[in-house]
Structure formats: structure tokens, C-alpha cells
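Trainee: I am attaching a structure below and will ask some questions about it afterwards.
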Amino acid sequence: MPVPVIIDCDPGHDDVFALWLAAGNPAIDLLGVTTVGGNGRLEHTTHNARVALTVAGVGGVPVAAGADRPLRRELTPAAWIHGENALGGPVLPDPTVPLDERSAVELISDLLAEAAEPVTLIPTGPLTNVATLLEQRPAVREKIKEIIWMGGSTGRGNVRAYAEFNAWADPEAADLVVKAGLPFTMVGLNISHQALITEEVLRSIAAIGNETSAFGVDLLRFFCGAYDAVEGMPEAPLHDPITVALAIDRTVATVRRSRVDVETQGEFTSGATAVDLRGMLGREPNADIAITLDVPKFWQLVRDAVANLK
Ligand code: BDR
Ligand code: CA
């Protein structure tokens, strides 16, 4: 039986590949997609999610918009990496996938209530929607099988010295979610920087030869150019789809059971994820921390999914 999944995202180049991996892999039943302000403003991330599904020929998956800003902070979109519309590179077609009139919280609640079995929630952006869901609809908890989040880092950050973007954008939301007591996996920069978009990866995705792969290569070339300019990394890391890959096949990465806490106060460390990998604090572990990626298996999953799309 396919794993029922809801993706809460802020597309974003790598978010698009997370959506495609979920839509194109038969082991996943993509129940719905919700959007949040993050890489771009909400109108862009919502438009981009609909574009991503349209390009790939994915119909029948509801898309709903969520929070346009973090719980208690201003939104700072990551235009320096993703461009002004959060999806720089290709010309974006007008989406034919409609926008659901429900809010993200309403859609997720409805999908969870209707689901025959507990559902895997995959956030690939700031955790604003998920935190709001858990606060406003505590009864849905029992229908959440697990949360697999792209965010955080066991080491240094990418937007501040110790803060990864999704954690930094809404640390109060991240704090609330990691403390919620639900099964939680963190896919941080420490593992996502193993999923590098090499020339070989680009060539192999281009060789798939469908519309999705052509659009995807345009996305990846822009993304690699931005990473080169900003971080001196011409082989950019494709962060977000690792979450979906873990939902498909837990052996795609090793994980370490650990305590993670989110810094919400620090003058220089707000948004840092303090991951106590060595158990030095003696606190109860609350997360599986993804550590090592099976890189060939990961890219094979991505390619196979794209090949199954339009
Ligand atoms: C995360 O932030 C965004 O730029 C990406 O989409 C990813 O979710 C990486 O820090
Ligand atoms: Ca993202």
C-alpha cells in the first residue's frame, strides 16, 4: 500500500523536486499540497506549487495556501538563492491546477480526518503551517504518523552562522513542532549537502527527455548558478526531496536518535538547531536526525519519479 503523504512547501527549486518525487513514485500517495511563505512570498510559493504540478501533469491533488508570514516575525524571502519569484530560471506556464479555497490548516485537517490510516506530513519550508495546525487542531495529532522536515543542521547554517533557512525563518514554529512529541525526522544541511547537483546528475536528468525533466534542468541550472554566486558552490545541494525519499525508503539515509532544540532567543544564533548527537545533556531524544545519504539511491529515486511524470 502506498504511504499517504501531505507536503507543506515553499517552492523553491528543490521543493519542486520534492513534489515531483512524491507524485512520480508509486510508493507514495500524495493526498495534498499546502504552501507557506518562505523562499518567496506566499503568492509566489502557491503559484509555483501549482506550476510544478501542472508541468508534471499531476491532477487531482488539492493545493491550498497557508501562512503568508512566520508566527511572530517578518518574512524574509530567499530571493538571493531562488530569484524574485522563488522559481528563477524557466519561463513559468500558467498553472491549470486549481487553488483550493480552504486554508492550508483546513485542508490538512480535512485530509487527515478523511484518511483511512495515519498520514506522513512532509514540510519542506518554514514550519508555520504545521505549528498552527498543531495549536489550532490538536485532535488531528492522532492521524499524523510522522513528520519528516527539511530544515536545521547538526553543524553550521546557510543563512546565519548556525541557522539553516527554514529554521531561521520561523524558529518559534520550529520550536513548537519539535516539542510536539510526534515522531519527527530532521533532514538538515548536514545531509542535504550530500545531494549535490553534479554535471553528471544534470546530464542524467536531461536524458530522461520528457517535459518535466527539461523544466527541471532549467530549474537546476539556475539554482546551481545562484549557489555558485552566493556560496561558491556550483554543485548546489538539492535539499528538500530527501524528505520524500525517506518516506519512500528509510534505507536511503542513516539516522541518529537525538535531542534537538531550536534556539529562539540568541542574538547571533536565533534559528540554530542544537542537536545533541552525543547525548551530552542527558535529555530525552525527540528526533531522528538524518546523517548519511545513499547518494546513488537518492538520485535514482529522483530520476525514476521524473521519468514517470509528463
Ligand atoms: C531550505 O531552504 C530553502 O532555500 C530550500 O527550499 C530548502 O527547503 C534549505 O536551507
Ligand atoms: Ca523549501
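Each reported figure results from applying straightforward, stated rules to the coordinates on display, with no laboratory input. Being a predicted model, the structure only gives us computed values, none of them experimental. Quick reminder, even Gly has a Cβ in these numbers, built from the backbone with ideal geometry, and neighbours come from all protein chains shown.
Trainee: Over what distance in Å are the Cα centres of the stretch 49-123 and the stretch 1-44 separated?
Mentor: If we compute the Cα centre of each part, the gap is 7 Å.
Trainee: Okay, moving on. List the pair-distance distribution P(r) of the stretch 3-307, using every Cα-Cα distance, as the percent of pairs falling in each 10 Å bin from 0 up to the bin containing the longest distance, rounded to whole percents.
Mentor: 7, 31, 40, 20, 3, 0
Trainee: Report relative contact order for the chain in percent, whole number only (criteria: Cα-Cα under 8 Å, sequence separation at least 6).
Mentor: Once normalised by length, the contact order is 21 percent.
Trainee: While we're here: In debye, nearest 20, what is the charge dipole magnitude of the chain about its Cα centre with +1 on Lys and Arg Cβ and -1 on Asp and Glu Cβ, if you could check?
Mentor: The dipole magnitude comes to about 560 debye.
Trainee: Shifting gears a bit: Mean Kyte-Doolittle of at least 0.0 and a Cα length of 27 Å or more along the axis: which whole DSSP H helices of the chain meet both?
Mentor: Both cut-offs are met by 211-231.
Trainee: Scan around Gly188 for amide H atoms under 5 Å from its own, H built in the peptide plane at 1.01 Å from N, and keep only partners 5 or more places away or cross-chain.
Mentor: Under 5 Å from the amide H of Gly188 lie the amide H atoms of Gly151, Ala290, each far enough along the sequence or on another chain.
Trainee: Still on this structure: Given just the C-alpha atoms of the stretch 95-144, how large is their convex hull per residue in cubic angstrom?
Mentor: 97 Å³
Trainee: Let me ask something else about it. Can you give the net charge of the other residues whose Cβ lies under 14 Å from the Cβ of Val302, counting K and R as +1 and D and E as -1?
Mentor: Overall, the nearby charge balance is -4.
Trainee: Can you run phi through the Karplus equation (6.51, -1.76, 1.60; θ = phi - 60°) for the stretch 139-150 and list ³J(HN,Hα) in whole Hz, with x for Gly and Pro?
Mentor: 5, 6, 3, 5, 9, 9, 6, 6, 10, 10, 10, 8
Trainee: How far apart, in nanometres, would the label points at Arg256 and Arg283 be if each is projected 7 angstrom from Cα along the Cα-to-Cβ direction?
Mentor: Result for the modelled spin labels: 1.6 nm.
Trainee: Note the count of lysine pairs whose C-alpha atoms are less than 28 angstrom apart in the chain, limited to pairs 8 or more residues apart or on different chains.
Mentor: The number of close lysine pairs in the chain is 4.
Trainee: Also: With the crude spin-label approximation of a point 7 Å out along Cα→Cβ, what separation in nm comes out for Thr198 versus Gln300?
Mentor: Placing both labels 7 Å along Cα→Cβ, they lie 1.6 nm apart.
Trainee: Still on this structure: Would you mind calculating the gained length between Gln136 and Glu84 on full extension (0.36 nm times residue separation, minus the Cα-Cα distance), in nm to one decimal?
Mentor: 15.5 nm
Trainee: Another question, if that's okay. Let me have the 222 nm mean residue ellipticity of the chain computed from DSSP H runs of 4+ only, each contributing -39500 (n - 2.57), with the sum over all residues rounded to the nearest 500.
Mentor: -11000 deg cm²/dmol
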